[in-house]
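Enquirer: Take a look at the following structure, please.
The values are calculated or read from the model by the stated rules, or taken from the named source; none is laboratory data. All values derive from a computational prediction rather than experimental measurement. When we count neighbours, we look across all protein chains shown, and the Cβ atoms used for this are built from the backbone with ideal geometry, even at glycine.
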Amino acid sequence: MTATALRVWAQLRHDPRTVALIFVVPCALLALLWWVYDGAGVFQQVAPALLALFPLLVMFLVTSVATLRERSSGTLERLLTLPLSRPAFLGGYALAFGGLAVVQAVLATLLLVGPLGLETVGPWGLLVLVAVVDAVLGTALGLFVSAFARSEFQAVQFMPAVVLPQFLLCGLLVPRDDMPAVLEAVSRVLPLTYAVDATSKVASEPSPAIGGDLLVMVGFVVGLLALGALTLRRRTG
Amino acid sequence: MTDAVVVEGLVVRRGGREVLHGLDLTVAAGRVTGLLGPSGSGKTTLLRAILGVQIVASGRVTVLGVAAGSPGLRRRVGYVTQAPSVYDDLTVEENLRYFARVLRAGARRAASDGAGVDDVVGRVGLGDHRDDLVRHLSGGQRSRVSLATALLGRPELLVLDEPTVGLDPVLRASLWDLFAELARDGVGLLVSSHVMDEADRCDELVLLRDGDVVAQDSTAGLLGSTGTTTAEAAFLALVQGGGGPEGRPGAARRAAPRHGGERR
């Protein structure tokens, strides 16, 4: 697992622009949003939820393209003829991008609670925690979905297909209680809902109980990685 | 002489079409076996079946005494795919270190048993390019990086899919010298090629056409039995002479060149 994680980091070291984009884009978007709302009340409500969206989005894209490249370049087939277990391969990717996600989450959270003046009722450190789990969730989702993409075009299209519905239903645009019952039920089985729920609790409650939300997110991560492992076939037609 | 690979009655279907029609062949340990055939004859499919990554319809493939694709073989068989399967965005050395780590992970034997990164870089003649990104290398250099990854850990069987394509003649000669040297150390090598003139460098030849083994024999034996001087001429004699893809080792010896017209 560490072998694969170290290799992915080495690849990223040769690609500083991608790393910069991963770190800078979420921060730039949050700053833009602050400017749009002039730092007013709406920003205070929306920003924590976006802190849950951006890591998921970025990590989903990066991971699905990276693993698709691994499939199409033949390196995946080569690796599967070697003594590398499938969980170790997927775990390596999750570890590598998860590590990146920690840095991204810390930067975005520090920007929010520092210069952008987000005031959280609960301890802001918990925002970092949620953002990290959320980013790993994006990685796991990307790993799983990339199995169904045959080209880069398809992989990129999976982003609006898989992530945007979660965004629409996560409760940010319309509170989930006000949604039609069917959509409210659907939102309950989408992982982003739990991430947004956790960040809004941290923003509004002095001692937020986010254990349940985090547990559901970790459950999604484990489940998606397990499903991802099933899509890696050593034997193909 | 022991057999590194035994293929019996191998049938493979891809996309609803049968591409290998009940092949029989053997690959000896300590020998270089050339798998020759035109593009589309089923060479890569056969090699994938030997690696155990190809779904097969029927037949048996035994590699180093166990069924192809057994987990224990992943450390004992080296595979070079036709398109170099290495990471473009890593240096030569980073690529090799990764594959070496993957091989070492969970190894029961000490790491020092296997050929290390320094060793294989030298063997494929890439010592001057260790720190170059693979993306910046020529096609021939890339395929040698891929070959180097397969040499890591001293595999007992090497399966090489067209490893010499696009190389200049000097490099090609040096790679064939390397293959012969590995064979002398007891490694079994199965090397595919669509370039018939590479047959001279093989100890054994398997001629493949349209998913059938046209002939398997020692290089000298094959030329002798067909009364030809080159593998290309032998191939033509066998195909046009109706020698027939009987698909059994030694078929060539029975394949007296009759000029009875095209078989298919």
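Enquirer: Of B:Gly140, B:Gly122, which residue is in contact (Cβ under 8 Å) with a residue 12 or more places away in the chain, away from chain A (no Cβ under 14 Å), part of a helix (DSSP H, G or I) and not hydrophobic (A, V, I, L, M, F, W, C)?
Expert: Details: B:Gly122 fails: in contact (Cβ under 8 Å) with a residue 12 or more places away in the chain.
It is B:Gly140.
Enquirer: Let me ask something additional. Here's a check for you: in segment B:143-176, which residue that is touching a residue at least 60 places away in the same chain (Cβ under 8 Å) and of a type in the set (S, T, N, Q) is farthest from B:Phe99 (Cα to Cα)?
Expert: Filtering first and then ranking leaves B:Ser143.
Enquirer: Now a separate question. Within segment A:199-215, restricting attention to residues that are of a type in the set (A, V, I, L, M, F, W, C), touching a helix residue (DSSP H, G or I) at 6+ places or on another chain (Cβ under 8 Å) and in a helix (DSSP H, G or I), which residue is nearest to the other protein chains (Cβ to nearest Cβ)?
Expert: For segment A:199-215, the residue satisfying everything is A:Leu214.
Enquirer: While we're looking at this one, here's another question. Would you be able to say whether some residue in segment A:68-78 is assigned to a loop (DSSP other than H, G, I, E, B), over 19 Å from the mean Cα position of the chain (by Cα), closer than 17 Å to B:Tyr87 by Cβ and within 10 Å of chain B (Cβ to nearest Cβ)?
Expert: Yes, the conditions are met somewhere in segment A:68-78.
Enquirer: A further question follows. So, in segment B:43-52, exactly how many residues are part of a loop (DSSP other than H, G, I, E, B) and away from chain A (no Cβ under 14 Å)?
Expert: Of segment B:43-52, the ones part of a loop (DSSP other than H, G, I, E, B) are B:52.
Then drop every residue that is not away from chain A (no Cβ under 14 Å), which leaves none.
Final tally of qualifying residues: 0.
Enquirer: Give just the number: which of (1) over 19 Å from A:Glu70 (Cα atoms); (2) surrounded by fewer than 20 Cβ atoms within 10 Å (Cβ to Cβ); (3) modelled with pLDDT under 95 does B:Ser41 not satisfy?
Expert: Failing condition for B:Ser41: (2).
Enquirer: Could you check how many residues of segment B:69-99 are surrounded by fewer than 24 Cβ atoms within 10 Å (Cβ to Cβ), of a type in the set (A, V, I, L, M, F, W, C) and more than 9 Å from every other protein chain (Cβ to nearest Cβ)?
Expert: Count: 0.
Enquirer: Quick test of your reading of the structure: A:Val103 fulfils all but one of (1) away from every other protein chain (no Cβ under 14 Å); (2) surrounded by 23 or more Cβ atoms within 10 Å (Cβ to Cβ); (3) touching a Phe, Trp or Tyr at 6+ places or on another chain (Cβ under 8 Å). Name the failing condition by number.
Expert: Just one mismatch for A:Val103, condition (2).
Enquirer: So, A:Ala96, is that one at negative phi and within 14 Å of chain B (Cβ to nearest Cβ) or not?
Expert: Against the criterion (at negative phi and within 14 Å of chain B (Cβ to nearest Cβ)), A:Ala96 qualifies.
Enquirer: Under 8 Å by Cβ, and 6 or more places apart or on different chains, what pairs join a residue from segment B:54-66 that is at the interface with chain A (Cβ under 10 Å from one of its Cβ atoms) and buried (at least 19 other Cβ atoms within 10 Å of the Cβ) with one that is at pLDDT below 95 and in a loop (DSSP other than H, G, I, E, B)?
Expert: Correct list of pairs: B:Gln54/A:Arg235; B:Gln54/A:Gly237.
Enquirer: Let me ask another. For the condition more than 14 Å from every other protein chain (Cβ to nearest Cβ), under 19 Å from A:Ala147 (Cα atoms) and in a helix (DSSP H, G or I), what is the one hit in A:Val218, A:Val222, A:Val196, A:Val186?
Expert: Checking each option against the conditions leaves just A:Val222.
Enquirer: In a helix (DSSP H, G or I), in contact (Cβ under 8 Å) with a residue 12 or more places away in the chain, of a type outside the set (Lys, Arg) and within 14 Å of chain B (Cβ to nearest Cβ) - does that describe any residue in segment A:45-54?
Expert: So far as segment A:45-54 goes, no, none of its residues is in a helix (DSSP H, G or I), in contact (Cβ under 8 Å) with a residue 12 or more places away in the chain, of a type outside the set (Lys, Arg) and within 14 Å of chain B (Cβ to nearest Cβ).
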